[in-house]
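The values are calculated or read from the model by the stated rules, or taken from the named source; none is laboratory data. All of these numbers come straight from a predicted model, not from anything done at the bench. Counting neighbours? That spans all protein chains shown, and the Cβs are built from the backbone with ideal geometry, glycine included. Ligands, DNA and RNA are stripped out before the accessible areas are found, and what is left, the full protein with its side chains, is counted by its heavy atoms. Shrake-Rupley method; radii C 1.70, N 1.55, O 1.52, S 1.80 Å.
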Amino acid sequence: MKFKMKKNINKFYYIGIILLVINFFFSRTTLFEVNKYIDLLLEATIVILFGIKFIFQKYTKKKILLLTLLGALTLYTSYVCRDYNILFCYLAIFAAQNTDIKKTVKCLFYTTSILLLIHIVVFLFSLATGLGNIVVSRTITGQSRYNFYLTHPNIFAGIVLWLTAEYVFLRYDKIKALNLCVIGVLYVITYFFTASRTALLASIFFMVLVILSKHKKCKEIINIVARWSFISVALITALLIFIYANFNNPIITKIDQTLSYRISLGSTAVQKYGVGLITRDIDLDEEVLWAYGKYKDLNIDSLYTRSFIVYGIIYILIFELGFYILMKKYKNSNYGIFVILFSVIAFTERYLLNPIIGFPILLLTQIFNENGENKKAEIDREVTLEELRNIQLDLLKEVKRICEENNITYFLGGGTLLGAIRHKGYIPWDDDIDIMLPRKDYDKLIEIFNEECNNKMRLENYTNTENYCYPFAKVVNLETLLIENNCRQLDDFGVYIDVFPIDYLPDNDEKIRKIYKKYKFLHRLLRMYQSDNISKVTKNKLKLVLKKTVLPIMEDLELHKLIIKSIDNMVKKYKNTNTVTCITGKYLEKEIMPSSYIVSYELADFEGEKYKIPVGYQAYLTKHYGNYMELPPKEKQVRAHEVTAYWKKIK
């Protein structure tokens, strides 16, 4: 139970992130008024979810001290300012231990997209029909500004900008010129409706950063600049405020007008309230005589200026230190463009303190990732066939040991079982090992294997490995790198053995036929995802188009995991019938067998070691191979897998 809780604890964090998005929209929408008690309940739920995640994390003494100091500071700021964005920011960063930053950003991206789409659809419906209350404001030049049923046009424009930034973050390696053109058109359309100059300028700046970052040298420079970008823009903000307050400079005045008077407002506020090191209780809603001879409240948008006056300079120093450590630790990543974008937009917008719209704040969670930047596997030399088999045998021996120590039933299966009976080891031209386990034993092995195995191997399946796309498990050697032709390459995936579940089937031929029909359809979808070269899987032009269009969406939504889960659920519901199958085995209906075949076991030699085989092995092998003791023709005595394995060194 404890293991399962640890395994699923990250879900509390991801749900908390999703609820933060919903809470953000509740506070910004004008489609309906949110009851304050619902709002409080939502915020309390978010705190509880992050709190549960906090409880199950491991801490060093230094981290406890850091959490305590920053926690006290953020609580104080939240209380004094009555602004809980900083508190949620603290919780979202420090509750993120061992979470996947890409999964976090996916939660942000898809939840925000859905909620924003609802606002866009309602707005367009109102615009087309004249129904509803569309709020139109005007710029100084008279240009119309639409807020899309949010509190301000800039909020809508900002959400669009950060959504595209999240999209680029998730698909950075696959971003092409066409993608950037589409994003550019989206920015132009957004500006047409919102007239948000700051968002348009930031959008253009972001696209330039993305284009430059595609060049290695430019990317290195961007990442170096990102280390100091936050404090640099903060100092530039302070310098502009100083120049505006002390010199009648027409250039600064023009910049101030372009930035919707953010500099003059900041100058007025600093002259009235001064600069604070820590949080101060200052009412910026009070109207004061503004620089242009008007009375106006000082509802300052700039995060830097607001930090000077209200939050305290200490927050600028904390964020700068965080971004510096992040970029030093991940100096080869693409994080730099997002840190710089955050730093620049913080000059004009204070909403970035909300981790939902200012998602680069969440990159700070990676500082506490113990693994740091992904280490690249350096290829040493190719693994020989003899070495490959020895590695597989070590994996098999470890599986056997763990199974026997934990009362788990396993059997040799497929060609491995045939090799054990006919050759007392590998089939001479074979290069893989297959084992199979009854479902309850299969699930138990998945649950305990990585806790009990040696550190040279790991069991991987769709629940514990990103981009894993097979409907069965693999026990993988961590000291090798395996390249499998025409298959999607998983990160640092080594020599492996296959582990298949055995499931019950209904004792009804028609139901079995329907189950296999559904499985074949789902398996075809998986094959498209698994294949590195779809043209090897199909010549159908429609499917080739789907590879380019549907599969990227499939990857982002992790639909392959839903497909594998569907396959599991399709057969897991049957219990204690007279028929079983290894449905994910390559022989399809030939895998169907009476449950009596696996009620007990015999022992067979395989490369000098005794392993369990099903009691009904003779009938099993006959169904699979016919006269299984007879060798196939020479032309069929070929390796079944096109693989090349290498020993690797970690840099």
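What FRET efficiency, computed as 1/(1 + (r/R0)^6) with R0 = 25 Å and r the Cβ-Cβ distance, is obtained for ILE243 and LYS329, rounded to the nearest 0.05? Before the final figure, lay out the partial values.
On the way: r = 36 Å, r/R0 = 1.43.
That pair, ILE243 with LYS329, gives E of 0.10.
Rolling a 1.4 angstrom probe over the protein heavy atoms, how many square angstrom per residue are accessible across the chain? Don't jump to the answer; show the numbers that get you there.
On the way: 32230 Å² over 651 residues.
Accessible area per residue, the chain: 50 Å².
Measure off 7 Å from each Cα along the Cα-to-Cβ vector at THR644 and GLU589, then give the distance between these two points in nanometres to one decimal.
4.0
Given R₀ = 25 Å, what would the calculated FRET efficiency be for GLU386 paired with ASN454, taking r from the Cβ atoms and rounding to 0.05? Could the numbers behind the result be given before it?
On the way: r = 21 Å, r/R0 = 0.85.
Once the sixth-power term is evaluated, E becomes 0.75.
How large is Rg over Rh for the chain, taking Rg from the Cα atoms and Rh as the Kirkwood inverse mean of 1/r across Cα pairs? Walk me through the numbers on the way to the answer.
Numbers: Rg = 30.0 Å, Rh = 28.5 Å.
My calculation of the ratio gives 1.05.
In nm, what is the difference between 0.36 nm times the number of residues separating LEU201 and LEU559 and their Cα-Cα distance?
125.3 nm
Compare the peptides 231-238, 435-442, 350-357 by average per-residue count of other Cβ atoms within 10 angstrom and give them in order, highest first.
350-357, 435-442, 231-238
Quick one: Karplus J couplings for the range 48-61, per residue in order, coefficients 6.51, -1.76, 1.60, θ = phi - 60°, nearest Hz, x for Gly and Pro?
Whole-Hz 3J(HN,Hα) from phi for the range 48-61: 5, 4, 5, x, 4, 4, 4, 4, 8, 8, 9, 9, 8, 4.
Explain nothing, just compute: Karplus ³J(HN,Hα) = 6.51 cos²θ - 1.76 cosθ + 1.60, θ = phi - 60°, for every residue of the range 318-325 in order, whole Hz, x for Gly and Pro.
Karplus values, whole Hz, x for Gly and Pro: 5, 5, 4, 4, x, 5, 5, 4.
Would you mind telling me the share, in percent, of accessible area of the chain contributed by carbon and sulfur at probe 1.4 angstrom?
Its accessible area is 59 percent carbon and sulfur atoms.
What distance in nm separates the two pseudo spin-label positions at ILE189 and LEU69, each 7 Å out from Cα along the beta-carbon direction?
4.8
Using modelled backbone amide H atoms (1.01 Å from N, in-plane), which distant-in-sequence or interchain residues come within less than 5 Å of ALA473's amide H?
VAL499
Which pairs, out of LYS103/LYS649; LYS511/LYS573; LYS575/LYS623; LYS397/LYS565, put more than 18 Å between their alpha-carbon atoms?
Over 18 Å Cα-Cα: LYS103/LYS649; LYS575/LYS623; LYS397/LYS565.
Ordered by residue, what ³J(HN,Hα) values in Hz, to whole numbers, does the range 601-612 give under the Karplus form 6.51 cos²θ - 1.76 cosθ + 1.60, where θ = phi - 60° and Gly and Pro are x?
Rounded to whole hertz, the list is 9, 10, 10, 9, 6, 9, 6, x, 10, 8, 9, 7.
Suppose R0 equals 35 Å; then what is the FRET efficiency for LYS216 and SER566 from their Cβ-Cβ distance, rounded to the nearest 0.05?
0.25
Once amide H atoms are built 1.01 Å from N in the peptide plane, which residues 5 or more positions from ASP380, or in another chain, come under 5 Å H to H?
Correct list: TRP647, LYS648, LYS649.
By per-residue mean of other Cβ atoms within 10 Å, what is the highest-first order of 512-524, 573-585?
On the way: 512-524: 14.5, 573-585: 17.5.
The densest-packed peptide leads the list: 573-585, 512-524.
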